[in-house]
1. For Val95, all conditions in the list (1) modelled with pLDDT of 50 or more; (2) of a type in the set (A, V, I, L, M); (3) in a loop (DSSP other than H, G, I, E, B) hold save one; what is the number of the exception?
2. What is the residue count in segment 319-360 for residues that are part of a loop (DSSP other than H, G, I, E, B), touching a Ser or Thr at 6+ places or on another chain (Cβ under 8 Å) and under 30 Å from Tyr243 (Cα atoms)?
3. With the checklist (1) over 22 Å from Leu349 (Cβ atoms); (2) hydroxyl-bearing (Ser, Thr, Tyr); (3) touching a residue at least 60 places away in the same chain (Cβ under 8 Å) in hand, flag the one item Thr66 doesn't pass.
4. Could you grab the pairs with beta carbons closer than 6 Å, sequence gap of 6+ or different chains, first residue in segment 168-179 and modelled with pLDDT of 95 or more, second one part of a helix (DSSP H, G or I) and buried (at least 21 other Cβ atoms within 10 Å of the Cβ)?
5. Take the conditions touching a helix residue (DSSP H, G or I) at 6+ places or on another chain (Cβ under 9 Å) and either assigned to a loop (DSSP other than H, G, I, E, B) or surrounded by fewer than 20 Cβ atoms within 10 Å (Cβ to Cβ) (or both) and apply them to Val247. Does it pass?
6. May I ask you to say which residue of Tyr78, Tyr169, Tyr138 is surrounded by 24 or more Cβ atoms within 10 Å (Cβ to Cβ) and not assigned by TED's automatic domain parsing to the domain that holds Val52?
7. Identify the single condition in (1) among the aliphatic types (A, V, I, L, M); (2) in contact with a helix residue (DSSP H, G or I) (Cβ under 7 Å, 6 or more places away or on another chain); (3) outside any loop (DSSP other than H, G, I, E, B) that Leu396 does not satisfy, given that it satisfies every other one.
Amino acid sequence: MTPGRTRLSLLAVLAASTFAFAACGGDDEESTTAASTPTTASTSSGTASSAVSLKDVCPAKVVLQTDWHPESDHSEAYALIDPATAEYDKGKKRVTGKLMAQGQDTGVEIEVRAGGPATGFQSPTQQMYTDKSITLGYLNTDESVQNAAKFPMVAIMAPREKWAQVLIYDPGNYDFKTIADIGKTDTKVLYFKGNVYMDYLVGAGILKKSQVDSSYDGKPARFVTGGGKVVQQGFVTAEPWQYENSVKQWGKKVSTLPIADAGYPNYGEAIGVRKADVTENADCLKKLVPIMQQAQVDYAKDPSAANAVIVEAAKVFDNGWDYPKELADYAVKAQLDGGIIANGANATLGDLEEKRIDEMIKLVGPIYEKQNVDVPAGLKASDLFTNEFIDTKIGLPAAATR
């Protein structure tokens, strides 16, 4: 499967003289920590408001599988958790609490599970087809095309309108304006093997095959020791802040170029369900998805409570992912300023565009077929997404930047 959120671990960059990369295994220790984060008002009676009640239509515990450590890129998930009832499970790398809708108790719990090393780097799709207790999971459109035959998933909400994946470079060495500018040079481009967007960039003639290098391992060593004379994959929500503030051997700004701007309209970290659950869990999703839309809108207005849960989770899990408040705050601004958390072409946050998904099928379908991946004949956008649960009235105000 397409690699998920493989990022620079801050344990790899905090030492002043060495480049140590954090070990990836899970922690077998079982410990649960009660909430210690700032709280917001919650319904203390334990009785769900009838207007937002999910008790009769959803599982008693809604489980959402993320694709990486706790981070602001998972805002709409952690924003559902009541900080006053949040419990942090260090061993299983999960946060559980009341599922709230604008301060009202829905009558069910939400469990947000960390991904990446916490799942042995299995994707949420793999996890969902192994563990049927998982209600929702993150997915990318290209990954959905790849898995359409064996592990069909349907995206039901796009909390992020634009993919946060970028290429980073040193503005002291280069003045690239587009990814195509990189392709006009012989500058090496480092990436994780298996990322299909790189196959697209090469196949489209945007980058040269001779300049792309799949040996990137998440460490900053090659970028730093080479004096920033390579280009490297990253996420606009993390690496720019990390390289300036946490990579002591670098300690200065890097510039970014979004993969999305190179004609790759991938939906990154959409919320999806197993294909059969679109029908089987329809009653739950009709009420739950609008709550998630609103949670993302509210997060854009005031991310403090959700970010406190995220930062605390990363601290308690202690799994090689240092995620301070400053990075969480930076990530919010990066998402808003970069049009990542945004409405679509309309006034709605969370709906998906059929033409974008059809375009992704056209772009990556042939690439996967060359890799002997079984892509169903006649696969179309409607096989991979639905907007039937979206409340079109929920969206960000016109000027939602911070």
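1. All conditions are met except number (3).
2. 5
3. That leaves (1) as the condition not met.
4. Matching pairs, first to second residue: Ile168/Glu239; Phe176/Ile182.
5. Details: touching a helix residue (DSSP H, G or I) at 6+ places or on another chain (Cβ under 9 Å): yes; either assigned to a loop (DSSP other than H, G, I, E, B) or surrounded by fewer than 20 Cβ atoms within 10 Å (Cβ to Cβ) (or both): yes.
Yes: the conditions hold for Val247.
6. On the way: Tyr78 fails: not assigned by TED's automatic domain parsing to the domain that holds Val52; Tyr138 fails: not assigned by TED's automatic domain parsing to the domain that holds Val52.
Going through Tyr78, Tyr169, Tyr138 in turn, just one is surrounded by 24 or more Cβ atoms within 10 Å (Cβ to Cβ) and not assigned by TED's automatic domain parsing to the domain that holds Val52: Tyr169.
7. Just one mismatch for Leu396, condition (3).
Residue-by-condition table, conditions (1) free of Cβ contacts under 8 Å to residues at least 24 places away in the same chain; (2) surrounded by 22 or more Cβ atoms within 10 Å (Cβ to Cβ); (3) not assigned by TED's automatic domain parsing to the domain that holds Leu64:
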{"site": "Thr85", "(1), (2), (3)": "no, no, no"}
{"site": "Gly91", "(1), (2), (3)": "no, no, no"}
{"site": "Lys98", "(1), (2), (3)": "no, yes, no"}
{"site": "Arg113", "(1), (2), (3)": "no, yes, no"}
{"site": "Thr125", "(1), (2), (3)": "no, yes, no"}
{"site": "Thr130", "(1), (2), (3)": "yes, no, no"}
{"site": "Ser144", "(1), (2), (3)": "no, yes, no"}
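The values are calculated or read from the model by the stated rules, or taken from the named source; none is laboratory data. Everything quoted here is computed from the prediction, not taken from an experiment. Glycine also receives a Cβ, built like all others from the backbone with ideal geometry; neighbour counts cover every protein chain displayed.
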